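Visitor: Structure below; questions to follow.
The values are calculated or read from the model by the stated rules, or taken from the named source; none is laboratory data. Fair warning: this is a prediction, and the values are worked out from it, not measured in the lab. Don't worry about glycine lacking a Cβ; one is built from the backbone with ideal geometry, like all the others, and counts go over all protein chains shown.
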Amino acid sequence: MRQSVMLTAFGGASLQACNDNVLSIHRAFSQLLPSSSMDDWVPAQYDEHAAIEMGNRYFTDRNNKANHEAVSFQQSVDPEGILQDAMGADFVHLEENEVVYFQLTADSTNK
């Protein structure tokens, strides 16, 4: 289970250039690392337009947590404890799984 966001410029050149740069970086790392150690990078698309998708898992497999300590979900993220219960005994919620929310508010002058 994860949360993600997708950005698109609906055909704008700047996002395509960004995707091209990510692909170049991926190719450079692929040449330095052992073969098959990296998954292929496939750029996201939204309605046939280039896009960038970013996401974060809510959970980590307990066997892959290394030396990281489990953290509790914030009350605002899991007020009913549903995510906490969904982890069961096999998964943990780590600091790297934390999703942070921001809210923009304007004052009376819209600043």
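Visitor: How many residues does the stretch 53-70 contain that are touching a residue at least 40 places away in the same chain (Cβ under 8 Å) and within 19 Å of His93 (Cα to Cα)?
Guide: 6
Visitor: Within the stretch 46-75, restricting attention to residues that are of a type in the set (S, T, N, Q) and surrounded by 13 or more Cβ atoms within 10 Å (Cβ to Cβ), which residue is modelled with the lowest pLDDT?
Guide: Asn56
Visitor: Looking only at the stretch 92-101, how many residues end up being in a helix (DSSP H, G or I) and exposed (fewer than 13 other Cβ atoms within 10 Å of the Cβ)?
Guide: Here the count works out to 2.
Visitor: Okay, moving on. Within the set of pairs 6+ apart or on separate chains, which have a first residue in the stretch 37-52 that is under 10 Å from Ala9 (Cβ atoms), a second that is of a type in the set (Gly, Ala, Ser) and not in a loop (DSSP other than H, G, I, E, B), and C-beta atoms under 7 Å apart?
Guide: Sorted first by the residue in the stretch 37-52, then by its partner, the pairs are Ala51/Ala44; Ile52/Ala44.
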